[in-house]
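Input: a single structure, listed below in structure tokens.
The values are calculated or read from the model by the stated rules, or taken from the named source; none is laboratory data. This structure is a prediction, so every number in the text was calculated from the model and none was measured. Cβ atoms come from the backbone with ideal geometry, glycine included; neighbour counts cover every protein chain shown.
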Amino acid sequence: MMEAPEIRKLKNGITLVLSEEKRTEAVSLIVFIGAGSRYESESNVGMTHFLEHMLFDGTEKRPTALDVTKEIDAIGADVNAHPSEEYTNFHIKAGAEHLEKIVEIFSDMLLNSKIGEDDIAKEKRVITEEIKMRTDIAPSYVFSLFDEAIFGGSTLGRNMMQDLEVIEKITRDDVVDFYKKFYLSNNVFISVCGNFAGKSADEIAQLIESKFTFPAGVAKFEKSLQFEQKKLSFVTKNSQQTNFIVGYYGCGYNSEDRIGLKLLSIILGGNMSSRLHTELREKRGLAYDVRTFSSSISDIGIIETVAGVADEKAGEALTAIIAEYEKVKNGVSDDELSMAKSYLLGQMKISFEDSNELGEFNLSQVFYNGKIETLSEISEKIAKITTDDIKKLANKYFDKKKLSVAVIAKESVRPAIEKVINNLGE
């Protein structure tokens with residue numbers, strides 16, 4: 001059975017979240033470092049991503065990346081990492097009997113990376129190719145383009161292509177300086193979630209504290225909500241279809257609007273029975289896939305709809321999506337809201353079957369809010385949201401004057417897109 005998660009502040013300053021789940025045979029170790037792309041300066045753009053790569057490239061004990069991965073593969077573990085706007089996520093999942101092993105491997109990686117000159121040269125090439133790959137994939141690159149449109153002029157709105165301009169100039173001193181600035185004990189959040197293999201919470205806390213000996217200190221952050229928003233960001237590409245995103249500003253993680261916006265995004269385009277999926281795919285045949293998301297960071301968020309359509313239908317599809325955003329301001333039905341609530345809760349329950357998903361969910365709450373709401377507490381909040389609440393949220397956030405659109409398409413598509421954008425004030 002699932003035990004109530006426990007939050008501990010360790011003596012060395014690290015925040016630890018323990019979530020025991022006895023039904024699984026696996027355990028997940030997740031480490032959030034409060035270092036994200038939002039905190040990069042103009043001189044170290046892309047450093048969060050670069051450093052994340054470097055920490056897999058070897059330590060004194062495990063001299064090469066292969067030495068690291070061989071030990072991970074030898075126990076059948078899944079491992080990955082990814083940077084985000086406000087933190088870097090390192091996660092590994094293994095059989096419960098390997099908990100001490102994965103703690104030892106991760107602590108060695110995160111504390112003792114050699115950050116060697118040869119590895120830096122190699123990672124410059126690797127990350128350059130990764131960025132080129134992502135920019136070649138229009139359905140992926142369009143998300144970066146949308147951030148550039150809605151958060152323009154800020155560190156939240158940097159296009160990933162900007163990273164390429166800085167990466168080649170990175171030195172070892174740059175990497176080490178960034179590490180020393182953010183990889184500090186009070187800026188580290190760790191989750192152990194899953195089967196504890198007979199270990200008590202105290203024993204696991206002692207293990208984490210003894211292995212993750214980050215330097216003491218508090219990282220300093222600079223945040224800004226000053227944006228130079230653009231109505232349209234258009235990248236010309238000789239692609240097979242037009243890929244675009246339409247979206248608005250959302251709310252911060254701790255806003256009382258967040259759950260309501262999640263429900264609103266589901267009603268709009270969050271599943272196969274949603275308004276946009278029904279209108280664009282089932283009725284009009286304009287898109288194979290159309291999806292709406294709502295996401296939040298500490299102090300702001302976005303609600304966005306992404307679609308891929310035939311070039312000649314781009315203007316029609318964009319008009320139809322904007323129209324659905326306007327229609328929902330007139331209200332939603334009781335049935336729509338009820339289905340959205342059931343869908344959201346169902347998806348949460350499914351994801352919580354995985355120790356990594358549950359661990360990340362709990363750790364995200366602690367990272368942003370310092371506490372954990374259980375599924376039953378969240379369910380109570382969801383149950384209280386009314387159709388009137390959803391209508392108010394739609395009218396609060398969906399102001400056409402604050403809409404942004406990002407498009408990747410042939411140049412011939414631009415006039416149709418610009419026509420729709422120019423008609424927004426009518």
Problem set entry | Residue in region 321-343 that is under 21 Å from the mean Cα position of the chain (by Cα), modelled with pLDDT of 95 or more and assigned to a helix (DSSP H, G or I) present | yes
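To keep it simple, each residue is scored yes or no on (1) over 15 Å from V103 (Cα atoms); (2) of a type in the set (A, V, I, L, M, F, W, C).
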{"site": "Y183", "(1), (2)": "yes, no"}
{"site": "F189", "(1), (2)": "no, yes"}
{"site": "G194", "(1), (2)": "no, no"}
{"site": "S200", "(1), (2)": "yes, no"}
{"site": "A205", "(1), (2)": "no, yes"}
{"site": "G217", "(1), (2)": "yes, no"}
{"site": "S224", "(1), (2)": "yes, no"}
For this session: Out of K230, K220, K237, report the one residue that is surrounded by fewer than 16 Cβ atoms within 10 Å (Cβ to Cβ) and either touching a residue at least 40 places away in the same chain (Cβ under 8 Å) or within 30 Å of N12 (Cα to Cα) (or both).
Result: K220
For this session: Within region 281-317, work out how many residues are of a type in the set (A, V, I, L, M, F, W, C), outside any strand (DSSP E or B) and under 25 Å from the mean Cα position of the chain (by Cα).
Result: 2
Seminar exercise, completed: Per the list (1) surrounded by fewer than 14 Cβ atoms within 10 Å (Cβ to Cβ); (2) within 30 Å of E316 (Cα to Cα), residue check on T213 breaks on (2)
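I'd like the full set of residues that are over 17 Å from E130 (Cα atoms), crowded, with 20+ Cβ neighbours inside 10 Å and of a type outside the set (F, W, Y), limited to region 142-156. Step through it out loud before you land on a result.
Residues of region 142-156 over 17 Å from E130 (Cα atoms): 146-156.
Applying the additional criterion that residues be crowded, with 20+ Cβ neighbours inside 10 Å yields 146-151, 156.
Hits for region 142-156 are D147, E148, A149, I150, L156.
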For this session: Any chance you could count how many residues in region 124-141 are loosely packed, with under 14 Cβ neighbours inside 10 Å, among the hydrophobic types (A, V, I, L, M, F, W, C) and closer than 20 Å to F234 by Cβ?
Result: 1
Exercise. Taking G198, is it in a loop (DSSP other than H, G, I, E, B) and assigned by TED's automatic domain parsing to the domain that holds I105?
Worked result: yes
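Condition check: surrounded by fewer than 13 Cβ atoms within 10 Å (Cβ to Cβ), out of contact with any His (no Cβ under 6 Å at 6 or more places or on another chain) and under 26 Å from E21 (Cβ atoms). Does S200 satisfy that?
Values: surrounded by fewer than 13 Cβ atoms within 10 Å (Cβ to Cβ): yes; out of contact with any His (no Cβ under 6 Å at 6 or more places or on another chain): yes; under 26 Å from E21 (Cβ atoms): yes.
Yes.
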Exercise. Checking S298 against (1) of a type outside the set (V, I, T); (2) over 22 Å from G331 (Cα atoms); (3) without any contact (Cβ under 8 Å) to a residue 40 or more places away in the chain, which test does it fail?
Worked result: (3)
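Can you pull out every residue in region 327-356 that is charged (D, E, K, R) and either surrounded by fewer than 17 Cβ atoms within 10 Å (Cβ to Cβ) or touching a helix residue (DSSP H, G or I) at 6+ places or on another chain (Cβ under 9 Å) (or both)? It would help to see each step written out before you state the result.
Filtering region 327-356 down to residues charged (D, E, K, R) leaves 327, 329, 334-336, 341, 349, 353-354.
The answer is K327, K329, D334, D335, E336, K341, K349, E353.
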For this session: Return yes or no: is E279 buried (at least 19 other Cβ atoms within 10 Å of the Cβ) and of a type outside the set (S, T, N, Q)?
Result: yes
Problem set entry | Which listed residue is surrounded by fewer than 19 Cβ atoms within 10 Å (Cβ to Cβ), β-branched (V, I, T) and part of a helix (DSSP H, G or I), from I417, I378, I390 | I378
For this session: Say whether the condition of being touching a residue at least 60 places away in the same chain (Cβ under 8 Å), of a type in the set (S, T, N, Q), closer than 28 Å to S298 by Cα and not assigned by TED's automatic domain parsing to the domain that holds A307 is met by at least one residue in region 61-81.
Result: no
Seminar exercise, completed: Scanning region 136-161 residue by residue, those at pLDDT below 90 and assigned to a helix (DSSP H, G or I) turn out to be M161
For this session: Go through region 178-196 and count every residue that is out of contact with any Phe, Trp or Tyr (no Cβ under 9 Å at 6 or more places or on another chain) and within 12 Å of T48 (Cα to Cα).
Result: 1
Seminar exercise, completed: If you go through I297, I259, the only one that is assigned by TED's automatic domain parsing to the domain that holds K237, under 28 Å from Q226 (Cα atoms) and in contact with a Gly (Cβ under 8 Å, 6 or more places away or on another chain) is I297
Exercise. Which condition number does E104 fail, the rest of (1) buried (at least 16 other Cβ atoms within 10 Å of the Cβ); (2) acidic (D, E); (3) in a helix (DSSP H, G or I) being met?
Worked result: (1)
For this session: Determine the pairs where a residue that is at pLDDT below 95, located within region 398-426, has a partner that is loosely packed, with under 11 Cβ neighbours inside 10 Å with Cβ atoms under 7 Å apart, the partner being 6 or more residues away or on another chain.
Result: none
